[in-house]
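S.K.: Quick one: this structure, given as structure tokens, is what I'll be asking you about.
The values are calculated or read from the model by the stated rules, or taken from the named source; none is laboratory data. As the structure is a prediction and not an experimental result, all values here were calculated from the model. Cβ coordinates were reconstructed from backbone atoms using ideal geometry, including for glycine residues, and neighbour counts include every protein chain displayed. The area values use the complete protein model at the heavy-atom level, side chains included, leaving out ligands, DNA and RNA. Shrake-Rupley method; radii C 1.70, N 1.55, O 1.52, S 1.80 Å.
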Amino acid sequence: LSKLKDIYLYRNSLTGTVPTEFGRLGSLRILYVERNDLTGKMPNEICNLRNTNGGTLFSLWADCVEVECSCCTYCCIDDSACSL
């Protein structure tokens, strides 16, 4: 899994929080977790992977009302469009 680059988990009715373990995927470029029932805060381990922090993660989408996310590239609200 260390070479996993893209994770698309949108629209899967996932519940709970975004796993901190995603932060161990040092080659991750894309993480889409929007349009689920996730809650809580985007883990710092994932934010640290952002390309703005020297990592490889350049696209991070989440439901930013339910998942507090200061490092997301796109925030989705309800079923409306996602925005920067």
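S.K.: Can you name every residue in region 37-55 that is part of a loop (DSSP other than H, G, I, E, B), touching a Leu at 6+ places or on another chain (Cβ under 8 Å) and modelled with pLDDT of 95 or more?
M.R.: To start, the set of residues in region 37-55 that are part of a loop (DSSP other than H, G, I, E, B) comprises 39, 42-43, 48-49, 54-55.
Checking which are touching a Leu at 6+ places or on another chain (Cβ under 8 Å) leaves us with 42, 49, 55.
Matches in region 37-55: 42, 49.
S.K.: Sticking with this structure for a sec: Does residue 73 satisfy the criteria of being more than 14 Å from residue 8 (Cβ to Cβ), in contact with an Asp or Glu (Cβ under 8 Å, 6 or more places away or on another chain) and among the hydroxyl-bearing types (Ser, Thr, Tyr)?
M.R.: no
S.K.: Identify, please: which residue in region 62-80 is hydroxyl-bearing (Ser, Thr, Tyr) and surrounded by fewer than 16 Cβ atoms within 10 Å (Cβ to Cβ) and is, among those, nearest to residue 22 (Cα to Cα)?
M.R.: 70
S.K.: When you scan region 7-27, how many residues do you find that are under 24 Å from residue 79 (Cβ atoms), more than 11 Å from the chain's Cα centre (by Cα) and either aromatic (Phe, Trp, Tyr) or open to solvent by less than 50 Å² (accessible area, probe 1.4 Å) (or both)?
M.R.: 1
S.K.: Taking region 28-40 as the region of interest, how many residues are over 11 Å from the mean Cα position of the chain (by Cα) and of a type in the set (Asp, Glu)?
M.R.: Going through region 28-40 one residue at a time, the tally reaches 1.
S.K.: Looking at 59, 83, 2, which one is among the polar types (S, T, N, Q), under 10 Å from the mean Cα position of the chain (by Cα) and open to solvent by less than 90 Å² (accessible area, probe 1.4 Å)? Explain how you work it out, then say what you get.
M.R.: Working: 83 fails: under 10 Å from the mean Cα position of the chain (by Cα); 2 fails: under 10 Å from the mean Cα position of the chain (by Cα).
On inspection, the qualifying residue turns out to be 59.
S.K.: Could I ask something else about it? Take region 28-47 and flag every residue that is exposed (fewer than 14 other Cβ atoms within 10 Å of the Cβ) and on the phi < 0 side of the Ramachandran plot. Give the derivation first.
M.R.: Here is the first cut: in region 28-47, the ones exposed (fewer than 14 other Cβ atoms within 10 Å of the Cβ) are 37, 40-41, 44.
Of everything in region 28-47, those that are exposed (fewer than 14 other Cβ atoms within 10 Å of the Cβ) and on the phi < 0 side of the Ramachandran plot turn out to be 37, 41, 44.
S.K.: Can you find, within region 20-36, the residue that is farthest from residue 8 (Cα to Cα) among those that are in a loop (DSSP other than H, G, I, E, B) and of a type in the set (A, V, I, L, M, F, W, C)?
M.R.: Only one residue fits best here, namely 25.
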